[in-house]
Each structure stands twice: as structure tokens, then as C-alpha cells.
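All remarks here apply to the structure that follows.
The values are calculated or read from the model by the stated rules, or taken from the named source; none is laboratory data. Given the structure is predicted, the values throughout are model-derived calculations rather than measurements. Every residue, glycine among them, receives a Cβ derived from its backbone with ideal geometry; neighbour counts consider all protein chains shown.
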Amino acid sequence: MMRIDTSLIRNKASYGFTLVEVLVVLSITAIIVGAATPSFMNIVANNRVVSATNELVTTMNLAKSEAIRSGMTTVLCTSQTANQCNDAASWNDGLLLFQDSDNSGNVSNNERIIKVIPASDDSLEFAYGTANINRVNFRANGQINLNGHFCFKNSYEEDNSRAVVITQAGRIRSEKQPYDC
């Protein structure tokens, strides 16, 4: 009688995945990723807007406190360079904050540049209200030369856009509002 070595016979248990099982898992994963991508893009756009808004509020609060501390006007203006205001530039092109000791509205040789903010990302729309304003003056008493708001557009969903609202009394606040610039 012939004896069969049972150690060589494989068990019917599976040691891997079949092609059908792998394709099913990949299909389910693709559906989940496809459903999550739009939501993720909105989160990225919203974070970009919130970050830019917070940077502007922080810069404006710095400008206000520097004006009060020094007893001199500080100016926040549009700038394509890191050392001069440029009325032809937009707020997206970059910002310059400086101490305006001679009240000329422009950086002179002896005036201190406090902060430079480089141009914003092309996907971020950033503007001042509906007027063509290119500088904001912060006086020594903490007041500002204008009322209005800066708009930050959420490129993915305009209803999630934000604004930085400023008043002549010197109040600066951020709020969520539809894009209206």
C-alpha cells in the first residue's frame, strides 16, 4: 500500500488575496477618496483665507501699537518692493509697514521699516472694499484714517470668505462674510 505524505498537501485556507478582492478594495477606496477630496479642498482654501486674515489683523494691531508707543504715525501700504510704497500695486502684491516720522506717506531715509509682507499666493484674492485705497495710516492716538474692510476670497466657496473690518476709532476685527470686494 502506498503512503501519501500529507505534509505536502496544502490546506484549502487562503494565503493571499484574489484579484477580485483586490479590485473591490481599490474601488471602495477610490470612492471614499473621491468623496473626501472636495471637502479637503475647501478646508485648504479656508485655512489659507484664515491664515492671511490673521496675519493682516496681527500686522494692523502691530501698526496701531507702534504708533501709540512711538507717538508717530505708522503707515501700512501696498508695496512691490520691500522699501517703498507703490500706489499702482494691489494689496496682493505685498505690504509694507513703516514709521512715518515726517508724515509724507512715503519711506524716507531715516524712517524705520517695521514689517514687510511678501506678495500673497495667486490663489488668494485680497482687496480693500470697493474703494481704491493703497495705504492705511495709524495715528499716535490709536485712530485710523478710514473706515472700511479688507476682503479675503475663499476661492473654493465664496460664502466662506472673510473680512478684516477697521474703524476710524482704531477697532480692528475679523469676521466671516461673503466676498463683496
Given (1) over 22 Å from the mean Cα position of the chain (by Cα); (2) among the small types (Gly, Ala, Ser); (3) farther than 25 Å from residue 129 by Cβ, number of the condition residue 88 does not satisfy: (3)
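Is it the case, given these coordinates, that residue 79 is within 22 Å of the chain's Cα centre (by Cα), of a type in the set (S, T, N, Q) and crowded, with 20+ Cβ neighbours inside 10 Å?
Details: within 22 Å of the chain's Cα centre (by Cα): yes; of a type in the set (S, T, N, Q): yes; crowded, with 20+ Cβ neighbours inside 10 Å: yes.
When the stated conditions are applied, residue 79 passes them.
Mind checking which residues of segment 139-181 are among the basic types (Lys, Arg), within 19 Å of residue 73 (Cα to Cα) and touching a residue at least 12 places away in the same chain (Cβ under 8 Å)? Explain how you work it out, then say what you get.
Residues of segment 139-181 that are among the basic types (Lys, Arg), as a first pass: 139, 153, 162, 171, 173, 176.
Pick out the ones that are also within 19 Å of residue 73 (Cα to Cα) and you get 139, 171.
Across segment 139-181, the qualifying residue is only 139.
In segment 25-138, which strands (runs of 3 or more DSSP E) lie fully inside it and hold 1 or more residues that are without any contact (Cβ under 8 Å) to a residue 60 or more places away in the chain?
Correct list: 73-78, 95-100, 113-117, 125-128.
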Search result, residues across segment 164-181 that are modelled with pLDDT under 90, closer than 12 Å to residue 127 by Cβ and either in contact with a helix residue (DSSP H, G or I) (Cβ under 8 Å, 6 or more places away or on another chain) or not in a loop (DSSP other than H, G, I, E, B) (or both): 179
Residues of segment 139-152 satisfying the condition of being among the aliphatic types (A, V, I, L, M) and part of a strand (DSSP E or B): 144
Candidate set: segment 145-162, residues that are touching a Ser or Thr at 6+ places or on another chain (Cβ under 7 Å) and of a type in the set (A, V, I, L, M, F, W, C); chosen: the one nearest to residue 102 (Cα to Cα): 151
Filter result for residue 120 (more than 30 Å from residue 157 (Cβ to Cβ) and out of contact with any Lys or Arg (no Cβ under 7 Å at 6 or more places or on another chain)): no
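Can we say residue 96 is in contact with a helix residue (DSSP H, G or I) (Cβ under 9 Å, 6 or more places away or on another chain) and either surrounded by 13 or more Cβ atoms within 10 Å (Cβ to Cβ) or under 29 Å from residue 161 (Cβ atoms) (or both)?
Values: in contact with a helix residue (DSSP H, G or I) (Cβ under 9 Å, 6 or more places away or on another chain): no; either surrounded by 13 or more Cβ atoms within 10 Å (Cβ to Cβ) or under 29 Å from residue 161 (Cβ atoms) (or both): yes.
Against the criterion (in contact with a helix residue (DSSP H, G or I) (Cβ under 9 Å, 6 or more places away or on another chain) and either surrounded by 13 or more Cβ atoms within 10 Å (Cβ to Cβ) or under 29 Å from residue 161 (Cβ atoms) (or both)), residue 96 does not qualify.
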Output for segment 109-132, where each listed residue is at pLDDT 85 or above, surrounded by 11 or more Cβ atoms within 10 Å (Cβ to Cβ) and of a type in the set (S, T, N, Q): none
